[in-house]
Amino acid sequence: QVQLVESGGGSVQAGGSLRLSCAASGRTSRPYAMAWFRQAPGKEREFVVAISWSGVNTFYANSVKGRFTISRDNAKNAVYLQMNSLKPEDTAVYYCAADAIFQRLIAGANEYWGQGTQVTVSS
């Protein structure tokens, strides 16, 4: 089992920045790909970005490409999401996710989820 805990959410004005963190614990010796998803009020959960275990491969949703950057520190069992040029439509609960298979993670069929952290962007 892997436990994921997100932090760093909050409220910011449009154009601002936030940095989310996700700390993994438990069975972290296994190589997991990590990702961020988000769910806005009244909408389905959607994929945001994923990163492979090595950090070499990343995959971004078109809606965040060029504004968001994912990174990871395997020594700290952590993954980060730097969000710049935030827009009101980025408002959502952001979830950290993990899976041993990168493609399965991107599809949202992953094994593990965090509890989420709220991001609110005001205009």
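The values are calculated or read from the model by the stated rules, or taken from the named source; none is laboratory data. None of these values were measured; they are calculated from a predicted model. When we count neighbours, we look across all protein chains shown, and the Cβ atoms used for this are built from the backbone with ideal geometry, even at glycine. Note: areas computed on protein heavy atoms with side chains; ligands, DNA, RNA excluded. Shrake-Rupley method; radii C 1.70, N 1.55, O 1.52, S 1.80 Å.
Here are the numbers:
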read-out: Values of log10 I(q)/I(0), in the order q = 0.09, 0.10, 0.21, 0.22 Å⁻¹, for the chain under a Debye, Cα-only, solvent-free model; value: -0.21, -0.26, -1.17, -1.29
read-out: Surface per residue (accessible, 1.4 Å probe) for the chain, Å²; value: 50 Å²
read-out: Simple label model, 7 Å out from Cα along Cβ direction - Q1 to Q39, nm; value: 2.0 nm
read-out: Relative contact order for the stretch 1-52, counting Cα pairs under 8 Å that sit 6 or more residues apart, in percent; value: 29 percent
read-out: Within the stretch 39-53: backbone nitrogen closer than 20 Å to the N62 label point (7 Å, Cα to C-beta); value: 39-40, 44-50
read-out: Heavy-atom SASA rank of F102, F59 (probe 1.4 Å, accessible area, largest first); value: F59, F102
read-out: Carbon and sulfur %, accessible surface of the stretch 1-99 computed with the full protein complex present, 1.4 Å; value: 47 percent
read-out: Cα-based shape type of the stretch 1-45, given that a ≥ b ≥ c are square roots of the gyration tensor eigenvalues and the cut on a/c is 1.5; value: prolate
read-out: Mean separation of Cα contacts under 8 Å, 6 or more apart, over the residue count of the stretch 2-123: relative contact order %; value: 36 percent
read-out: Given charges at Cβ of Lys, Arg, Asp, Glu: the chain dipole, positive-most of S52, L20, S122; value: S52
read-out: Shape of the stretch 37-82, Cα gyration tensor, a/c cut at 1.5; value: prolate
